[in-house]
Amino acid sequence: MKVQVCIIGGGPSGLLLSQLLHLKGIDTVVLEKSSRDHVLSRIRAGVLEHGFARLMREAQCGERMDREGEIHNGFEIAHDGVLSHIDLHKHSGGNSVLVYGQTELTRDLYEARDRLGGKVVHNAEDVAPHDLTSDRPYVTYRANGETIRVDCEYIVGADGFHGVSRKSIPKDVLREYEKVYPFGWLGVLSRTKPVSPELIYVKHDRGFALCSLRSQVLSRYYVQVPLTDKVEDWSDDAFWAELKRRLPDEVAARLVTGPSIEKSIAPLRSFVAEPMSYGRLFLAGDAAHIVPPTGARGLNSAASDIYYLYHAMLAHYQQGDDSGLKGYSAKALARIWKAQRFSWWMTMMLHRFPDRSEYEDRLQQTELEYLFSSETAQRLLAENYVGLPF
Ligand code: FAS
Ligand code: PHB
């Protein structure tokens, strides 16, 4: 097989880039190690920056997102038993976010690839990039017991945190920055009416909680749990009881509970790999960076990588201009680190840290008090949450 761009990973990053390049006549293939059903079985992000939504529309994949997604102009922070509203629309100069689940977004991308006849290979085993520093790189993978070679001009590693791409960059070239948090998020998806029309982030002495949604009949809730907890330790009843303990009374009183249709524990980490390119390999999305989901930056950070890489590839193929490819890593990292900072800040402000000093606890309380007393602080939060410019 010979293509211009070989994309490793059929998650949102890889699919979105493949779709955008295809629409400009650039030939790609996506190599995904799992089945499509497995990719679509994962419950992940729920909030899209307006920049991500714009990219989906440019990729001709925004129709159902715009029909079924919910525009949110703000969210609540619950603390000390009361709700305080953050007006994103007012404090970000008129921007908002779109609440639309990553699962549905990925489904839309797959269907768009099918409509265009895009090449997506599922169950690709032992995917391996080769000759990254040559001008004729290639990728091999195994399917039905035979090894297949994909000759290409560029390789995009969009294969997530556990993928093969980042690990293909030599150890003496790659620098990794990481912070692991001493807790995880236990998440539940339930076919129940959301407790609130807007998201509620909860700071409580028992730990963080989050009330989110996928639609008016599908709710997504999280509670902070110790890293030692296992999902089988948590019955549905135990989850609902703990969530109610952390919510303000009037919110807990109207919480509609029901059976979980998905329940999982995700550890929280902050991670960045530099550089995000090596020879003809370019990393995008979770392959290069991870944030704690507190700031809803995970999937959204992938969007700016895809935007930069898309325009860099266009400049190369349409004008023979390689400045975008040469400058991709520095440009992507500049925005990635701002998303890292914001996600770290939201996480430090809202979670319970078991080994924190009393001084640090008071500082955390002061962070919230300052936020609610200062429109400047709220503008800072809002401009990051709706998405910094690409
Ligand atoms: P992905 O990991 O989504 O996709 C990578 C793809 O590459 C996968 O399909 C994988 O099967 C494939 N792959 C891996 N190795 C391969 C190989 N060797 N060969 C071929 N294919 C390979 N973000 C938020 O904004 N809000 C949230 O609430 C949130 N919750 C999350 C919960 C969990 C448990 C996780 C893991 C992440 C969460 N995220 C959240 C972040 C998440 O949404 C990511 O940012 C998003 O999936 C990034 O998309 P991709 O970069 O495409 O990576
Ligand atoms: C979600 O709906 O899954 C979600 C929303 C906002 C976050 C994290 C997760 O900050």
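The values are calculated or read from the model by the stated rules, or taken from the named source; none is laboratory data. If you're wondering where the values come from, they're calculated on a predicted model, not measured in any experiment. All Cβ positions, glycine included, derive from the backbone under ideal geometry; neighbour counts span all protein chains shown. The area values use the complete protein model at the heavy-atom level, side chains included, leaving out ligands, DNA and RNA. Shrake-Rupley method; radii C 1.70, N 1.55, O 1.52, S 1.80 Å.
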Pairwise Cα inverse-distance average, inverted: Kirkwood Rh of the chain (Å): 21.7 Å
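Round to the nearest 0.05 the FRET efficiency obtained for Arg191 and Arg245 when R0 = 30 Å and r is the Cβ-Cβ distance.
On the way: r = 23 Å, r/R0 = 0.77.
Working from the Cβ atoms, E equals 0.85.
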I'd like the accessible area for Ile306: 1.4 Å probe, protein heavy atoms, all chains in place, Å² to the nearest 10. 0 Å²
Simple spin-label estimate for Glu369/Val217, 7 Å along Cα→Cβ, in nm, reads 4.7 nm
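At 1.4 Å probe size, with the rest of the protein present, what percent of the exposed accessible area of the stretch 192-300 is carbon and sulfur atoms?
Details: 2190 of 4040 Å².
Carbon-and-sulfur percentage of accessible area, whole number: 54.
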Compute the helix-to-body angle for 236-246: its Cα long axis versus the longest principal axis of the chain, expressed 0 to 90° and rounded to tens. 60 degrees
Might you list the cysteines of the chain that have no disulfide-compatible partner by the rule of another cysteine's Cβ under 4.7 Å? Cys61, Cys211
Where labels lie 7 Å past Cα in the beta-carbon direction, separation of Arg54 and Trp345 in nm: 2.1 nm
Net length gained if the chain between Trp337 and Tyr177 were fully extended (0.36 nm per residue, minus Cα distance): 56.5 nm
Computed lengthening from Asp361 to Glu63, 0.36 nm per intervening residue step minus Cα-Cα distance: 102.7 nm
Simple spin-label model, 7 Å along Cα-to-Cβ: Arg254 to Glu70 in nm? 1.2 nm
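When only the heavy atoms of the protein chains count and the probe is 1.4 Å, how do Glu49, Glu383 rank by accessible area, highest first?
Details: Glu49 5, Glu383 95 Å².
Descending accessible area places them as Glu383, Glu49.
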With a 10 Å cut-off between alpha carbons and a GNM built on the chain, which of Ser196, Ser134, Ser301 moves the most? Ser134
A correct Karplus calculation of ³J(HN,Hα) over the stretch 370-387, with 6.51 cos²θ - 1.76 cosθ + 1.60, θ = phi - 60°, whole Hz and x for Gly and Pro, returns 5, 4, 7, 9, 10, 5, 4, 5, 6, 5, 4, 4, 5, 5, 7, 6, 6, x
Please report the antiparallel percentage of DSSP beta bridges with both residues in the chain, rounded to the nearest 5. 75 percent
Volume of the Cα convex hull of the stretch 21-121, divided per residue and given in Å³: 126 Å³
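Carbon and sulfur atoms: what percent of the 1.4 Å accessible area of the stretch 1-153 do they account for? Can you show the working numbers first?
Numbers: 2830 of 6480 Å².
Taking all protein chains in place, the stretch 1-153 shows 44 percent carbon and sulfur surface.
Could you give the length gained by full extension between Ala377 and Glu262, i.e. 0.36 nm per residue of separation minus their alpha carbon distance, to one decimal place? Could you put the intermediate results ahead of the total?
Numbers: separation 115, 0.36 × 115 = 41.40 nm, distance 3.56 nm.
Full-extension gain reported as 37.8 nm.
Students often get this wrong, so check it: of Lys90/Lys338; Lys171/Lys338; Lys33/Lys119; Lys24/Lys338, which have C-alpha atoms separated by over 23 Å? Walk me through the numbers on the way to the answer.
On the way: Lys90/Lys338 21 Å; Lys171/Lys338 25 Å; Lys33/Lys119 14 Å; Lys24/Lys338 30 Å.
Violating the 23 Å limit, Cα to Cα: Lys171/Lys338; Lys24/Lys338.
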Can you give the accessible area of His38, probe radius 1.4 Å, in Å² rounded to 10? 90 Å²
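So, with a 1.4 angstrom probe, what is the percent of accessible area on the stretch 302-390 that is carbon and sulfur? Write down the numbers at each step before the final one.
Working: 2340 of 4270 Å².
Carbon plus sulfur share of accessible area: 55 percent.
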Rounded tilt (10° steps) of 102-116 against the dominant C-alpha axis of the chain: 30 degrees
Could you report the chain's accessible area per residue, 1.4 Å probe, as an integer in Å²? 43 Å²
Spin-label proximity, Phe353 to the stretch 265-296 - amide N less than 20 Å from point 7 Å beyond Cα toward beta carbon: 267-272, 290-296
